[in-house]
Structures are given as structure tokens and as C-alpha cells.
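Here's the structure we're looking at; comments come further down.
Rule-based calculations on the coordinates, nothing more; no lab input. Since the model is a prediction, treat every value here as computed from it, not as a measurement. Neighbour counts are summed over all protein chains in view; Cβ atoms, including those assigned to glycine, are modelled from backbone coordinates with ideal geometry.
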Amino acid sequence: MRRLGRWWTEPLPMARFAVFRVVVYLFIPVDVLLTTPWVAWHADVPTELYQPLVVGGLLNLPLPTRLVVLGVQWALIVTALLAATGRSPRLLGALVFLLYFEWMVIAMSYGKVDHDRFAFLVALAVLPTVGVARWRDRGRSEAAGWALRCVQVAVVLTYFFAAWAKVRFGGWDWVTGATLTRAVIRRGTMWADWTLDVPNLLVGAQWLLLGFELLSPLILLARSGRARVAVVAFLLGFHLMTYAAITIIFLPHVVALLSMLPWERLRRVTEDSAEDSGDAGAASGTPSSPVSAPGGRPDR
């Protein structure tokens, strides 16, 4: 239990958290306006068709009238852009989470619930817990570690519970039947149509997909930076391949997946570039200023 506790609160770079937080907040306007604009269309749908999710009913959230839907939409966009600046991270972060939560209740209360929002909602919930973080920060933080771990676990659970849901609702026929064949026939592209002519190929792909999702908790064992980058590259490739084959992609989930990347290396790259520029300036007779560590002393 002590080892598990240390894993949950392992101090992780504040710079990693800061970059990830900006990526999450900047994705929201893209999501609201470009990738899922259909949520705003509910502003013109009669409220009689609104059947709130259980949580929406428990919280007695307002009916999605035109005023409510458009109000939440633009308040969410503006608040997310302000939160991306890093100002008032707790207040603005909490507002972004509440507004996006309501946005999802509006989106999913008409008969369809997407599982790709789970990890993204978890990310929005934990981001305000850390406070001020800058991408040039050199330190580590247990709070940042805990927040990033929560997002990573949510990403893994999305895969794992997707497998559980397949068997729970579709039974083993989901794996042995024509699930992917039907998907390719309905929405396949030129990149996937050829699979229909190869016997049992898509059935085998279904077994591989289920096995991967059931084994997805092993992703959390990737400890080194290279291993995490390799895992993220593999998963991004999987989602891109799925989109190329049947035009389905889970963008909010993909954004949450980026919590595994060592974003703090961006700071090192910029610092190395600055040092190289300083060396070039010194060679040409232009003095360069040393990089100072806290306390005013040069760190080199």
C-alpha cells in the first residue's frame, strides 16, 4: 500500500503538467466549434426530447433551452481560453470543469453516451487542484504527479471498461460475429474495404482488440520517458488507423492520452537553443547573459 501511495503521489515535473494543462484547455474551443458542433444543435431541439442522464436528474440541471445551450457554449469557450493563460488556475479551472460537465450532460441526454469523454472529464476535474504551474518550471510536485496519474488511470480504464462493456452488452458474439465487418460496410474507407475480402481477418482483429483492451492496465508499467513515448505513439497510431479505416476517432480521449508524454523536454530544448544562440553571440563578440537559478546565482 505504501508503494501504491508513492506511485499515486510521485513528484512529477511541473513543466509537464503546465504544458498538458494548456493543451487540454486549448482543445475545448476546437471540440465545441469544430469536432462536435452537433452539441450546439440541441439549442433548436424541443425540450420534450431531453431525457437527462442520471446525474443531470440528481443535480436538477436546467432544461437545455436555446438560451441555456448557447450560454453554456460561449461561456465555456471564453473560460477555457482564459484558463489556458495560466491565470487564476483554481477558479477558472473549476469553472471550465463545471461548464464542460453541463455541456456533456446536454450532449449525452438524447439517447447516446460517448465513452471517449471520461478521461477528458477527469482531466478537467483534477487540473484545478495543482495551482500555478509554468512550462519553464524546473521543480517537481506531488500535486502535479497525483493529477497526471489520475488522468493516466482514467485513460487506461477507458480501454479496460470498453472491453468489459463489449462482453457485457454484446456477449461473446461481439468478438466472434461480424462487428467490424458491419462497421466497414457502413462507414469504411478505401483503406479498409479490402479487409472484407480476406476471410476471418476482421474476426481476428476483434480478438486482438479485446485482448489489448483487457491488458491495457499494463500501460501504467511504462516508467521511462522513452517507454511512455513509445506507448503514446502506438496508441496514437491505433486511433489514426481506426480513423483511416472507419472514420471514427476519439479526440478528447487522445488529448487525455497526452498526459503520459514528457512535455518538460520542451523546456530543455528551448534552453539548449538559447545557450547555442548565446555561444554564437559570444563567438561574434556579443555578450550573453548567464541563466540564473533561484537566488540569483548562475546555474552553470
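The ranking of Arg182, Arg265, Arg16 from fewest to most other beta carbons within 10 Å of each one's beta carbon is Arg182, Arg265, Arg16. Between the beta carbons of Arg186 and Thr47, assuming R0 = 35 Å, the FRET efficiency works out to 0.65 to the nearest 0.05. Taking every DSSP helix (H) stretch of at least 4 residues in the chain, weighting each as -39,500 (n - 2.57) and dividing the sum by the residue count yields a mean residue ellipticity at 222 nm of -19500 deg cm²/dmol. Taking 17 Å as the cut-off, the amide N atoms of the stretch 78-120 that come nearer than this to a point 7 Å along the Cα-to-beta-carbon line of Arg168 belong to 112-119.
Each peptide in 22-28, 175-181 was scored by the mean count of other Cβ atoms within 10 Å over its residues; highest first, the order is 22-28, 175-181. Taking every C-alpha pair closer than 8 Å and separated by at least 6 residues, the mean separation divided by the residue count of the stretch 12-265 gives a relative contact order of 27 percent.
Counting neighbouring Cβ atoms within 10 Å and putting the fewest first, the residues Met108, Met241 line up as Met241, Met108. Annotation: extensible slack from Leu266 through Tyr110 equals 52.0 nm (criterion: 0.36 nm per residue apart, minus Cα-Cα distance).
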